[in-house]
Amino acid sequence: MRQQKIPALGRALRALGEQGDELGGDTTEAKLHEIAKDLRRALDLLEETVEGPEPTTRCAEHPFGPRDDSAPDLCLLCETRRRGGRRAARLPDGEREYLVAPSRYGERDERPQARERWIPEMWNGRTWQLCGTPRHDRREAEAFLAAERRGPHAGTAYRLVQEFTDYEVVRGWGSPVRRLPDTMGGRG
């Protein structure tokens, strides 16, 4: 696509739109010929602007990928991925056990409950970096980011990252310590 042709194409299409609004029962033959010339000029600009081949699918991820006419976005690659997900979801419970890899951390009942944290991050131009203390309440974290945006040295972008941990993070003298709940019932 040639970017320098886009403004001229936009002007030509806007002019055609205005001419279309003016059409009525009393439109003269000369006016219709003028519209035809403007339409040809807009089509020529469009042909000059488009360089590459027409996409085969409506998929943003794979515009020139293989085509599947039964898929909503005509993309065979994405439709194959969607079908695989539906097939795995329809397996009976007995068969699903063999597809799931056993966890090296044990069963869920043996582990403590997951804790949810909201981590505020700021874009520094190259990477996302931590810009505040992780919080357990989403509204509190969003209020913190809103205050950061209004600050005198606001970053270019902010985001909240949701994290689930199986342990509580406690900092003591600058080093992280992993503290698990007491599972021995007070015996140690």
Glu34 versus Thr127: modelled label distance in nm, points set 7 Å from Cα along the beta carbon direction: 6.2 nm
Nearest-0.05 FRET efficiency for Glu54 and Ala15, computed from C-beta distance (R0 22 Å): 0.30
Radius 14 Å from Cβ of His33, net charge of other residues (Lys, Arg +1; Asp, Glu -1): +1
Inter-site label distance for Ile6 and Glu61 at 7 Å from Cα along Cβ, in nm: 2.5 nm
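If Lys and Arg each add +1 and Asp and Glu each add -1, what is the summed charge of the other residues whose beta carbon sits under 12 Å from the beta carbon of Leu16? Working shown, then result.
Numbers: positive: Arg11, Arg14, Lys37, Arg40, Arg41; negative: Glu18, Asp21, Glu22, Glu34, Asp38.
Within the 12 Å Cβ shell, the charges total 0.
Bear in mind that the values in this text are calculations on the coordinates, not laboratory data. Please read these numbers as outputs of a predicted model, since none were measured by experiment. Note that we place each Cβ from the backbone using ideal geometry, even for glycine, and neighbour counts take in every protein chain shown.
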